[in-house]
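Here the structure comes first, spelled out in structure tokens, and everything after it is commentary.
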Amino acid sequence: MPKFNFNLRNPGKLSISPIYLIVRYQNQKLVYPAEERISPERWNKTTQRAKVSKAFPEAPYLNERLDLIDLTAKNVFRRFMLDNDNRPPTINELRKELDLSLRRTTNLKGMDFFTFIEKFIHEASSRTNALTGKPLSRATIQIYKHTFHLLKEYSSAKRKGIDFRDVDMDFYYDFVAFVKQSRKLSNNTIGKHVRTIKVFMNDATERGINDSLAYRSKKFQISGEYIEKIYLTEKELEQIALLDLSKNARLDKVRDLFLVGCWTGLRFSDLSKLNEQNFNDDQLVVRTQKTDESVIIPIHPVVRLILKKYYETTNVLPTVISNAKLNAYLKEVMALVPILNNEVDQKQIKDGKQLIVKRKKYELVTAHTARRSFATNLYLSKFPVISIMKITGHRTESSFMEYIKVTPSENADLLKLHWERISAP
């Protein structure tokens, strides 16, 4: 009887490792890619499945996919022997049958546009970022899926199919107009989807499926919009913390999560997964979802108070709601802070024109303002930039400096302090 096992290609390394199905029978061995990847520390060698934990919520779904591959392989092997007078398949025959059963055809010629995108997205979980060498983030894969959904929505509304040769400048103008009118998307969001379409097309071109290059026109892109971001000062954060929201549990939870973000620099996708295992004495240890790297952050007094508030009852921080609701609730909270009702000048660039718009500061607060406030306030306190970058995950100092928000006046104060420090006896 054949033996079916799942092994990691690099079980002894810290980096993400591909998972392989190993089929052994009659001194033969098939090594077949499961097209899934996992960190070795999250892999159970005994069960040959992912460890299920709060820190790795994707584990049950990954295990379901491995179960499906395992069951398919066993059925393929059994069916082949039944159809061939009990003769076991050769390695190549077994691989071919598995490809067919799992719909992994190597013959891509003639594949239509939507079928190719489905295959591209399915393979995305085993792809790596060409710049970092790391697996594609879940956020990137979600963008692929969202763009695919918009393309199908467009095709249905226009009552016409889309093939590779249809992706030209006429398609571009029509698609952009459609998503602007039907979805009311911003130029930045539309631009992201247009770039994703070009990712699909580039991959199809490199595989020899597509030979139409109209999409490579310099005009096949949309100009982005620049909207100046804000950060909240420590004084403003103090006033937010002092708000009495005891009679509104919804806003109370949102405020508390936001403050934890402001004093840890964590993304909201990481905040919702914190549990007691992440805390080690006075430190918070987190493996971030986006970069899959460990970050160690000392626990700020504000964070300690919030943790005590929730961990004494529920043992977990509040669950993060959808991004749209979170931002809407945050604005309700921020509107209650008097100092945030003051107007500020916000610089915007639309269609190549620069505008200065007066807005109340609370209207500009979003979930990401927490992380930006963390980085900016640390920078203004003269904390080493390289140390802040270790927490925020910025790769270069230039990208970090673009990320933080420091006013000309604050920069002048920093320079003044620097001169006073070097001239002091």
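The values are calculated or read from the model by the stated rules, or taken from the named source; none is laboratory data. This is a predicted model, so every value here is computed, not measured. FYI the Cβ positions are ideal-geometry reconstructions off the backbone, even for glycines, and counts take in every protein chain you see.
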Looking at the stretch 238-283, which of the residues that are under 21 Å from the mean Cα position of the chain (by Cα) and not in a helix (DSSP H, G or I) is surrounded by the most Cβ atoms within 10 Å (Cβ to Cβ)? Leu266
In contact with a strand residue (DSSP E or B) (Cβ under 6 Å, 6 or more places away or on another chain) and surrounded by 18 or more Cβ atoms within 10 Å (Cβ to Cβ): which single residue out of Ile297, Ile306 fits that description? Ile297
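Every residue, every condition in (1) buried (at least 19 other Cβ atoms within 10 Å of the Cβ); (2) in contact (Cβ under 8 Å) with a residue 40 or more places away in the chain, yes or no:
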{"position": "Glu343", "(1), (2)": "no, no"}
{"position": "Gln346", "(1), (2)": "no, yes"}
{"position": "Val357", "(1), (2)": "no, no"}
{"position": "Arg372", "(1), (2)": "yes, yes"}
Suppose we keep only residues that are closer than 15 Å to Pro89 by Cα and surrounded by fewer than 17 Cβ atoms within 10 Å (Cβ to Cβ) within the stretch 1-15. Which one would you say is modelled with the highest pLDDT? Lys3
Tally the residues that are assigned to a helix (DSSP H, G or I), of a type in the set (Ser, Thr, Tyr) and closer than 30 Å to Leu259 by Cα, restricting the search to the stretch 183-206. 1
Candidate set: the stretch 16-55, residues that are assigned to a loop (DSSP other than H, G, I, E, B), modelled with pLDDT of 90 or more and among the charged types (D, E, K, R); chosen: the one farthest from the chain's Cα centre (by Cα): Lys45
Being closer than 13 Å to Ile117 by Cβ, within 27 Å of the chain's Cα centre (by Cα), assigned to a helix (DSSP H, G or I) and polar (S, T, N, Q) narrows Thr140, Thr147 down to just Thr147
Inside the stretch 184-206, can you point out the residues that are surrounded by 13 or more Cβ atoms within 10 Å (Cβ to Cβ) and among the basic types (Lys, Arg)? Lys192, Arg195, Lys198
Can you find, within the stretch 165-182, the residue that is farthest from Ala204 (Cα to Cα) among those that are assigned to a helix (DSSP H, G or I) and touching a residue at least 40 places away in the same chain (Cβ under 8 Å)? Val176
Which is crowded, with 16+ Cβ neighbours inside 10 Å, at pLDDT 90 or above and not in a helix (DSSP H, G or I), of Ile209, Ile230, Ile222, Ile162? Ile162
